[in-house]
Amino acid sequence: VQLQASGGGLVQPGGSLRLSCAASGIIFSINNLGWYRQAPGKQRELVASITSGGTTNYADSVKGRFTISRDNAKNTVYLQIDSLKPEDTAVYYCHADTERMRYWGKGTQVTVSS
């Protein structure tokens, strides 16, 4: 499974971004999809995840501002990020889980600054 993330950028506080992550390869075996982020000097942390059945899970810090979704026909997972804060600045990584492995995308930078 290969993952290609996109959609990051520089945005002002209060702004929005939509991250996308397209999967290719042995995609029929993918179960959960999700996003993590890693800020400078910090550990990578879970942002949101979504199961094959559409059940979602969010970190407390992003609940109500971030929305994860998936389009199985396009083999893509999305992360809609609203009301961005400076502390959301990080590299955002998507992942895809099969029964045996977790695959990671290369990450996309999100910078929130005025």
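No lab work stands behind these numbers, since they all come straight from the coordinates. These figures come from a predicted structure and were not determined experimentally. All Cβ positions, even for glycine, are placed from backbone atoms using ideal geometry, and neighbour counts span all protein chains on display.
Sort the following peptides by mean Cβ neighbour count (other Cβ atoms within 10 Å, averaged over residues), highest first: 92-105, 58-71. The partial results should precede the final answer.
Working: 92-105: 16.9, 58-71: 15.3.
For the peptides 92-105, 58-71, the packing ranking is 92-105, 58-71.
Compute the orientation-averaged projected area for the chain from the convex hull of its Cα atoms and round it to one decimal in nm².
6.6
What does the highest-first list of 73-79, 13-19, 31-37 look like by mean Cβ count within 10 Å?
On the way: 73-79: 18.4, 13-19: 14.9, 31-37: 21.4.
Order by mean packing, descending: 31-37, 73-79, 13-19.
Straight-line reach from K85: which lysines have Cα under 16 Å away, leaving out those fewer than 8 places along the same chain?
Within reach: K63.
Take the alpha carbon atoms of the stretch 1-32, find their center, do the same for the stretch 33-47, and report the distance between the two centers in whole angstrom.
When both Cα centres are located, 14 Å separates them.
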